[in-house]
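Here is the structure we will look at.
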Amino acid sequence: MFLKPILSVLYLVTTICFSSVTSLSKHPILIVVSFDAFRYNFFTTETLPYMNLYRTKGTYAEYLTNVFPTKTFPNHHSIATGVYPEVHGVIGNSYYDSTLKKIVKISPEMYNYSEAVIPIWRWNEDQGDGRVSASFMWPGGDFTYQGKNITYSVTFQNGFDWKKRVDQTIKWILDPEKPANLIMLYFEEPDTHGHAFGPNSVIIKDLLAKLDNITGYLHQQLELNNLSDKVNVIQVSDHGMTAVTPPHFINITQYLKNGTYEWAGASPAIQIIPHGGFEDSIYTALKNASKQNGHFTVYAKSEYLDRWHYKNNPRSPPILVMAEQGYALDDLIISAPQYAKKYNFTLTNQSEFGVHGYDYIVDEMHPYFMAIGPRIKQQTKVDPFSTIDLFNLFCGILEIMPTKNNGTTKAADMVLANTSGKYSLGTILMMSVGGVLVALLLVSLAIVFTLIAIKRQQSITTTAALNKRFPQTFQNYIEAQHLLEPEDA
Ligand SMILES: [Zn+2]
């Protein structure tokens, strides 16, 4: 007499559980959004209603510290890997390869420096069990690591429609065959126009308002698809930006003899690679010029600051010339008139250009951080932390053990919900494993009781009648077992 209600409840629970599994990843879901060059204090200078709404509903830090040099590719890859540029090898947006005698720009060659460095998107999929990663234009996201591509990736296309990026993100999450549980979503603004017009321009103010709108659009789409309480969203940037005018452009190559060196990188940090035999003379010439000018510093490789974590890599240049904040070097002397031509404005001494790449302790280089979702604390402001710590936070949200990295658990301890600052990332992961074991035990008990119930029912009814009554239950169970098998096994 109690059989029918018991089986009805089991059917209902099974259907609810397994129907969600078939449309969404069974793993925690995380979207990491990067707005390139979105400076931390745009929150105080601009009206950003959507971003302010979601950052105060979730968790935010006033700013983050990033890595040296505060350029796009080194910083995005440190966010993605939790290791410093000297470890992942992306030491600049470009570097000079002394062996191949060429400048290396963004390419698999640049990103495949070490097999031991594993970006979060690769690491997520490597854990198997149906975990699926996606990259929408994230720098380096479309390259192979350990010889493998991730399931979904879109290569960078400047100016690609922003709403379509968000729409594709939602589609990946809802994919009926391979639902993504990690999406790296990149926007190249306000960096692209910031370089040409400076971070204080009306054009940048307009772009910041549009980035605020796209944040609103992302959350509206999550809500429309009933995903707001299932998806964690972290928004971050790689660096800020400062304004520089032409009177602050410094021509350093005038102090060097043509044909005695190579150079790579861009303002404010230019890499100098002297040809054999010219090391000392070039270093001395630049040092003397630096004393005269007073607005740039010259470092030999042995003088690179330890806290930069930039020195211990063969790609790091023998000499680095670093302009003081608010100053730029030769490359901007070349590119300023090119910007004026491309964007059709008159170049004057008052024209402002955007520059980043200075030491990460420079205030205007600081990125922002905000996060919201089921694994994130609500209405919480946390202390600033290093972008190096983001990798462990990602792993904490995704409930995977981090691979070896340079970060700490500071961000994970502060940002993850239900930790109350008491538990480390390791504890969270242990609890997650414990939770899975308990869930497995409950499912096993449910199956045993179901089978016992069926056996008893068979004495009073036929199998055909039972299948008619619960046609989907066992099919769902079989499908779910299939989904539980690791895809990468
Ligand atoms: Zn950038």
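Data overview
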item	result
Among the candidates S237, S267, S290, residue that is touching a Phe, Trp or Tyr at 6+ places or on another chain (Cβ under 6 Å), within 16 Å of the ligand (Cβ to nearest atom) and of a type in the set (S, T, Y)	S237
Options I106, I79, I91; residue that is surrounded by fewer than 24 Cβ atoms within 10 Å (Cβ to Cβ) and touching a residue at least 12 places away in the same chain (Cβ under 8 Å)	I106
Top-ranked residue of the stretch 222-276 - restricted to ones that are assigned to a strand (DSSP E or B) and among the small types (G, A, S), ranked as nearest to T56 (Cα to Cα)	A243
Any hit, the stretch 230-237, residues being farther than 30 Å from I361 by Cα and within 21 Å of the chain's Cα centre (by Cα)	yes
Of the criteria (1) assigned by TED's automatic domain parsing to the domain that holds H76; (2) in contact (Cβ under 8 Å) with a residue 40 or more places away in the chain; (3) in contact with a helix residue (DSSP H, G or I) (Cβ under 7 Å, 6 or more places away or on another chain), which one K230 fails	(3)
Matching residues, the stretch 76-110, being farther than 20 Å from P367 by Cβ, part of a loop (DSSP other than H, G, I, E, B) and away from the ligand (no atom under 16 Å from the Cβ)	G89, S98, T99, L100, K101, S107
Residue among A285, A196 that alone is within 15 Å of the ligand (Cβ to nearest atom), of a type outside the set (D, E, K, R), part of a helix (DSSP H, G or I) and over 30 Å from I150 (Cβ atoms)	A196
Selection count, the stretch 62-75, where residues are buried (at least 24 other Cβ atoms within 10 Å of the Cβ), more than 10 Å from the ligand (Cβ to nearest atom) and more than 17 Å from G194 (Cβ to Cβ)	3
Subset tally (residues that are farther than 8 Å from L182 by Cβ and in a loop (DSSP other than H, G, I, E, B)) for the stretch 121-135	4
Enumeration of residues in the stretch 315-373 that are in contact with a strand residue (DSSP E or B) (Cβ under 8 Å, 6 or more places away or on another chain) and of a type in the set (V, I, T)	I319, V321, I333, V355, I361, V362, I372
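A quick yes/no check of all residues on (1) within 16 Å of the ligand (Cβ to nearest atom); (2) closer than 30 Å to S335 by Cβ; (3) aromatic (F, W, Y); (4) over 13 Å from the mean Cα position of the chain (by Cα):
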position: G354; (1), (2), (3), (4): yes, yes, no, yes
position: Y368; (1), (2), (3), (4): yes, yes, yes, no
position: I372; (1), (2), (3), (4): no, no, no, yes
position: K381; (1), (2), (3), (4): no, no, no, yes
position: F394; (1), (2), (3), (4): no, no, yes, no
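The values are calculated or read from the model by the stated rules, or taken from the named source; none is laboratory data. Nothing here was measured: the structure is a model prediction, and the numbers come from that model. Here Cβ is always computed from backbone atoms with ideal geometry, including for glycine, and neighbour counts include all displayed protein chains.
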